[in-house]
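The values are calculated or read from the model by the stated rules, or taken from the named source; none is laboratory data. For clarity, every value in this text was computed on a predicted model and none was experimentally measured. FYI the Cβ positions are ideal-geometry reconstructions off the backbone, even for glycines, and counts take in every protein chain you see.
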Amino acid sequence: MSQPKEKRLPQPSASSASSEPLALPAGFRLSVVIPAYNERDTIEPIVERVRHCGVPVEIIVVDDGSKDGTREKLRAMEQAPAAADQAAGTLRVVFHERNQGKGAAVRTGMLEATGDVVVIQDADLEYDPSEFPRLLRPLLEDRADIVYGSRFLAGDRSVSPAWHRHGNGFLTRLSNLRTRLKLTDVETCYKMFRRGIIQPIAATLREKGFGIELEVTAKCARLPGVRFLELPISYARRSYAEGKKIGMKDAFWALWCIARY
């Protein structure tokens with residue numbers, strides 16, 4: 001029996017990084033899903049950065065049972081006039097009564113989305129929402145259906161320790177063997193999808209933790225005719241002392257997810 005062909009991903013080109021103004025369809029909105037757990041100090045700054053990303057946005061924050069004051073801050077933000085400002089990006093907050101994990105929060109947010117395109121944004125300040133227009137361009141130009149932002153195409157060596165690079169690289173290679181994709185950063189936060197593609201997938205997601213990254217990639221890769229594209233992004237890694245949450249336990253669970261999905 002012949003081996004399935006690899007789904008080769010287009011690499012960034014000059015047109016991918018075009019500085020030409022982004023032509024948005026009438027009424028276009030980008031749904032930005034922000035899973036948040038105990039991010040009191042960064043939740044307001046990241047929402048403001050998303051509001052000023054350069055495209056019309058619908059911001060959906062899913063508080064995953066925070067206990068550090070994040071919930072109270074979100075309630076105040078939700079009541080502020082800016083929360084209903086279409087020009088600044090509407091803000092909706094969904095509260096999980098107990099902590100379920102990033103995957104559960106992402107699933108909730110994706111199912112709540114009403115925009116044309118959906119992207120995941122962590123609640124910390126590691127990723128820069130000003131890169132959304134560049135990631136959006138291939139979808140709007142009908143060159144892709146799903147766009148991943150890769151930290152490693154951008155030369156992440158300057159900000160990420162060796163164990164993180166090698167660990168992520170190992171998981172990505174194993175994931176690629178299963179999906180026949182040629183990604184460089186399967187664990188990236190920046191995953192951008194056409195809503196019509198991701199919402200049916202979101203309804204089937206089972207992983208409640210960081211395994212969501214492997215599950216959603218595997219399930220999307222099995223869709224016939226779906227075009228993936230990977231583009232470089234910037235990355236400002238935070239330390240565990242600053243609130244980083246993913247750990248070795250998640251890496252071992254990721255191996256199980258690769259085998260499972």
Name the residues in the stretch 229-261 that are modelled with pLDDT of 85 or more and of a type in the set (Asp, Glu), would you?
Glu230
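Do we have Arg98 as within 30 Å of Leu74 (Cα to Cα), modelled with pLDDT of 95 or more, in a strand (DSSP E or B) and among the charged types (D, E, K, R) here? Walk me through it before giving the result.
Values: within 30 Å of Leu74 (Cα to Cα): yes; modelled with pLDDT of 95 or more: yes; in a strand (DSSP E or B): no; among the charged types (D, E, K, R): yes.
In short, no.
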Selected residue [at pLDDT below 95, under 20 Å from Gly109 (Cα atoms) and in a helix (DSSP H, G or I)] from Glu78, Glu72, Glu48
Glu78
What's the number of the only condition in (1) out of contact with any Pro (no Cβ under 8 Å at 6 or more places or on another chain); (2) touching a residue at least 12 places away in the same chain (Cβ under 8 Å); (3) outside any loop (DSSP other than H, G, I, E, B) that Lys67 fails to meet?
(3)
Collect the residues in the stretch 173-205 that are surrounded by fewer than 22 Cβ atoms within 10 Å (Cβ to Cβ) and either free of Cβ contacts under 8 Å to residues at least 12 places away in the same chain or not in a loop (DSSP other than H, G, I, E, B) (or both), keeping them in residue-number order.
Arg173, Leu174, Asn176, Leu177, Arg178, Arg194, Arg195, Gly196, Ile197, Gln199, Pro200, Ile201
Checking the condition within 19 Å of Ile198 (Cβ to Cβ), at pLDDT 95 or above and touching a Leu at 6+ places or on another chain (Cβ under 7 Å), which residue from Val55, Val33 passes?
Val55
